[in-house]
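The values are calculated or read from the model by the stated rules, or taken from the named source; none is laboratory data. Computed from a prediction, not measured in an experiment: that's the story for all the values here. Here the Cβ positions follow ideal geometry from the backbone for every residue, glycine too, while neighbour counts run over all protein chains shown.
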Amino acid sequence: MKLLVTGGAGFIGSAVVRLAVRRGHAVINLDALTYAACLANVASVESSPNYCFEHADIRDRDALDRVFAAHAPDAVLHLAAESHVDRSIDGPGTFIDINITGTYTLLEVARSYWTAEGRPDHFRFHHVSTDEVFGSLPADPAMKFTEDTAYDPRSPYSASKAASDHLVRAWAVTYGLPVLLTNCSNNYGPYHFPEKLIPVVIVNALAGKPLPIYGNGSNVRDWLYVEDHADALLTVLTKGRVGRSYAIGGENERSNLELVQTLCTILDDLAPRADHTPYSSLITFVTDRPGHDARYAIDPSRIQAELGWRPSVTVEEGLRLTVQWYLDNEDWWRALQQRAGVGTRLGAPE
C-alpha cells in the first residue's frame, strides 16, 4: 500500500512512518517542518526505496494537488496538526488555521483526487484525532470515553480537533469519501518533542531543574506508548470498517503526580544523581492552566473486539524504555531545546 502520511516528521507521525516502511508499505511523508518537526525522527528509514519526503503545508492547495498527482496514494494518514494545549491557550489562531482549515484543504484535495481516479473502493482517508474532544471525566473508574461519547472540548486545541473530526464525517456523508477516524489517549515514547510533560520531566531532572506539575497533580490521563499507537493506526487503516471510528487507549491510567513519581524512580535507577538524592525532591507544583480537564480514560473495546488490537506494554515498561531512549539520545533532544518556548510551561493565567 502507498501511504501519504501528513505530519510524518512529528512525534506520532514519525512512529507511523518508521513502522509502515518496516512493514513494506511505500510512504510519502508530507510535513511543513514547523517548530515541533524533526527529520532526524525518520533518519532510520530515509534511505529506504519505500520512503520519500515532501516539504509542504496542508493549507497549500497547489502543493497538495501536486503531491497527490505525483504519488497517487492509496490512503491518507492525516496526523499533521498543532497539538500542544499550552500553546493553544497562548495562541489559538494557529490551531484554528492549521487543524481546521488545513484539514478542510486536505479533504478537498483528497476528494478531488479520489473522484478523478474513479472513486476506487480501496482508497482510505484516515483522520487521527484525540480523546480530548470528549471533554473531562469524573473520578469514577467505571466511566470511560467510547466512540459514542458526546463531544465536549474544553481548550482551543481540543475544539480545533473536534471541528476537524466533524469535517471528516461531513465529507464522508455528503461526498461519500471513504474515511476512518481514531481518537487516542495521551502518547509518550521515543522522539517525544521536549515540551510535553514526560520529556520535560526527564530533561529537567537530568539538568537538576524543577519538575513542574500543574495544580496538585491529581489530573488523570490514560497513557499510550507511541509505537503501540502506530501499530493501532496501521491496523485501523488496513482492517477498519469504512466510516467507523475507533478509540485507542493504553489502558494505563495514572495521575500526573503518580506518573512523575514513577519517572523519578526510574531515573533514580538508570541515572542516579551524584549526591544520591532522589529526583522526586525536584517536584514542584505550579499554577494550574485554564480549562485543565480532570480525567481522560478510553474504553478500547471496539478496536479490541473488531480488529484484535491491544497495547503491548504497561506504562511502567513504556516509561522505562522512554527514559533509556532519552539517556541514549541526548544529542537529539539538546538540539531541540534551542527552539522557541521548548521546555517551558506555557498557557498559565497572567
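Some observations on this one:
- The lone criterion from (1) in contact with a His (Cβ under 7 Å, 6 or more places away or on another chain); (2) surrounded by fewer than 20 Cβ atoms within 10 Å (Cβ to Cβ) left unmet by residue 169 is number (1).
- Listed conditions (1) part of a strand (DSSP E or B); (2) of a type in the set (Ser, Thr, Tyr); (3) under 22 Å from residue 292 (Cβ atoms) are all met by residue 218, apart from (1).
A quick yes/no check of all residues on (1) under 15 Å from residue 261 (Cα atoms); (2) at pLDDT 95 or above; (3) in contact with a strand residue (DSSP E or B) (Cβ under 8 Å, 6 or more places away or on another chain):
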| site | (1), (2), (3) |
| --- | --- |
| 176 | no, yes, no |
| 180 | no, yes, yes |
| 191 | no, yes, no |
| 194 | no, no, no |
| 206 | yes, yes, no |
| 220 | yes, yes, yes |
| 225 | no, yes, yes |
| 228 | no, yes, no |
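- Residue within region 267-277 that is crowded, with 17+ Cβ neighbours inside 10 Å, part of a helix (DSSP H, G or I), touching a Phe, Trp or Tyr at 6+ places or on another chain (Cβ under 7 Å) and not polar (S, T, N, Q) present: yes
- Meets criteria (in a loop (DSSP other than H, G, I, E, B) and hydrophobic (A, V, I, L, M, F, W, C)) for residue 305: no
- Only residues that are buried (at least 24 other Cβ atoms within 10 Å of the Cβ) and closer than 24 Å to residue 186 by Cα were counted in region 19-30, giving 3.
Table: residues versus (1) at pLDDT below 95; (2) out of contact with any Phe, Trp or Tyr (no Cβ under 8 Å at 6 or more places or on another chain); (3) outside any strand (DSSP E or B); (4) closer than 18 Å to residue 186 by Cα.
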| site | (1), (2), (3), (4) |
| --- | --- |
| 88 | yes, no, yes, yes |
| 95 | no, no, yes, no |
| 102 | no, yes, yes, no |
| 107 | no, no, yes, no |
| 111 | no, no, yes, no |
| 114 | no, no, yes, no |
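- Single condition residue 231 does not satisfy, out of (1) in contact with a Phe, Trp or Tyr (Cβ under 8 Å, 6 or more places away or on another chain); (2) within 23 Å of residue 151 (Cα to Cα): (2)
- Residue 18 falls short on exactly one of the conditions (1) more than 16 Å from the chain's Cα centre (by Cα); (2) under 17 Å from residue 193 (Cβ atoms); (3) of a type in the set (Lys, Arg), and that condition is (1).
- Residue within region 121-136 that is of a type in the set (Gly, Ala, Ser), surrounded by 18 or more Cβ atoms within 10 Å (Cβ to Cβ), touching a helix residue (DSSP H, G or I) at 6+ places or on another chain (Cβ under 6 Å) and part of a strand (DSSP E or B) present: yes
- Taken as a whole, the condition of being charged (D, E, K, R) and part of a helix (DSSP H, G or I) applies to residue 66.
- Whichever residue in region 297-311 is touching a Gly at 6+ places or on another chain (Cβ under 9 Å) and in contact (Cβ under 8 Å) with a residue 60 or more places away in the chain and, among such residues, is surrounded by the fewest Cβ atoms within 10 Å (Cβ to Cβ): 306
- Filter result (touching a residue at least 24 places away in the same chain (Cβ under 8 Å) and more than 19 Å from residue 98 (Cα to Cα)) within region 167-187: 172, 175, 176, 177, 178, 179, 180, 184, 185, 186, 187
- Counted residues, region 172-207 - those being surrounded by fewer than 18 Cβ atoms within 10 Å (Cβ to Cβ) and out of contact with any helix residue (DSSP H, G or I) (no Cβ under 7 Å at 6 or more places or on another chain): 5
- Test: residue in region 4-15 that is more than 17 Å from residue 98 (Cβ to Cβ), of a type outside the set (Lys, Arg) and without any contact (Cβ under 8 Å) to a residue 40 or more places away in the chain: no
- Exactly one residue out of 317, 258, 251 is among the acidic types (Asp, Glu), modelled with pLDDT under 95 and out of contact with any Ser or Thr (no Cβ under 7 Å at 6 or more places or on another chain): that is 251.
- From the options 326, 246, residue that is buried (at least 16 other Cβ atoms within 10 Å of the Cβ), among the hydroxyl-bearing types (Ser, Thr, Tyr) and not in a helix (DSSP H, G or I): 246
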